[in-house]
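Below is one structure, written out as structure tokens; comments come after it.
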Amino acid sequence: MTFELFKAFILGVVEGLTEFLPVSSTGHLLLVQRFFGFDDAEFGKTFAVLIQFGAILALLSIYFVRLWRLAIGFFSDPAARRFVIGVLIAFLTAAVVGALAHDFIKAVLFNVWIVCFTLIVGGAILLWVDQMDLRPRYTDAERFTLPMYFVIGVAQCLAMVPGVSRSGATIIAAMLLGADRRSAAEFSFWLAMPTMFGAFVYDLYKSRGQLSMDHGIIVAFGFAVSFICAWIVVKTFLDYVQRHGFALFAWWRVIVGSLGLIALAFGK
């Protein structure tokens, strides 16, 4: 039980710290599961799905007041209604593709070699875009154009390949379309709410056969760790990228991907 709790702690930390950063939480979880030997057990895969809800709740708890404002203003405030429609446009694009390609993605693309390569390539692209001399036209995620929301949703579809990063794909797309770093990062939070919740519900349904109260303590512990780590990330990420950019996360991706390839080459 002690070692199971230790693994739950590690996976909870990884999920909470990486879910909203442009480093690919799925890619990191796959690598950690591989090197901890947690990928052979069916419950291990289900556990990785369950602790995502901790990260989702952390985000919802921080944005609760703004979510409530949007809900109240949907029928009376055109700006609020337009933003909600924009988020739905971006979400539904990825939701349709995800529903159609879910089984193929899980069966073919969830491969640690692919994860390592996409971490490195994605890190290089993130670093390149971050250093471009862009001229931002948007500083508020709630004021993007509707076509811009749609294109960001299309870009998010790339994140179905593990290692690409959902937040990374949306941030890069938003910046290339004229958003500044902060608004691009913040829209990745907004889009994460329906996207993560939808993916969580779908994966939970697909994994329902592995659920058992026997693992309740382990799940609760991993859930709590994920919640705390994600809460810290959401509270600090926007201010950090506004001042420092994304170079730290880009280099982290390159380093993790390179170390993963070296370990795999040596048969680990």
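The values are calculated or read from the model by the stated rules, or taken from the named source; none is laboratory data. Because the structure is predicted, anything quoted here is derived from the model rather than measured. Positions of Cβ are generated from backbone atoms using ideal geometry, with glycine treated the same way; all protein chains shown enter the neighbour counts. We work out accessible area using only protein heavy atoms, side chains counted, and drop any ligands, DNA or RNA first. Shrake-Rupley method; radii C 1.70, N 1.55, O 1.52, S 1.80 Å.
Some observations on this one:
- Carbon/sulfur fraction of accessible area - the chain, other protein chains in place, 1.4 Å, %: 71 percent
- A 1.4 Å probe, protein heavy atoms only, puts the accessible area of V108 near 80 Å².
- Protein heavy-atom accessible surface, 1.4 Å probe, per residue over the chain: 48 Å².
- Accessible area, probe 1.4 Å, largest first, for residues I232, I62: I232, I62
- With all protein chains in place and ligands, DNA and RNA left out, the 1.4 Å accessible area ranks T118, T145 as T145, T118, largest first.
- Applying Stokes-Einstein at 20 °C and 1.002 mPa s to the Kirkwood radius of segment 50-172, computed over alpha-carbon pairs, gives a translational diffusion coefficient of 130 µm² s⁻¹.
- Helix 146-156 and the long axis of the chain differ in direction by around 10°, with both axes built from C-alpha atoms.
- By a 1.4 Å probe calculation restricted to protein chains, C157 has an accessible surface near 30 Å², given to the nearest 10.
- Peptides 217-227, 48-58 ranked from most to least packed, by the mean per-residue count of other Cβ atoms within 10 Å: 48-58, 217-227.
- In the frame of its principal axes, the chain has Cα extents of 52, 39, 34 Å, reported largest first.
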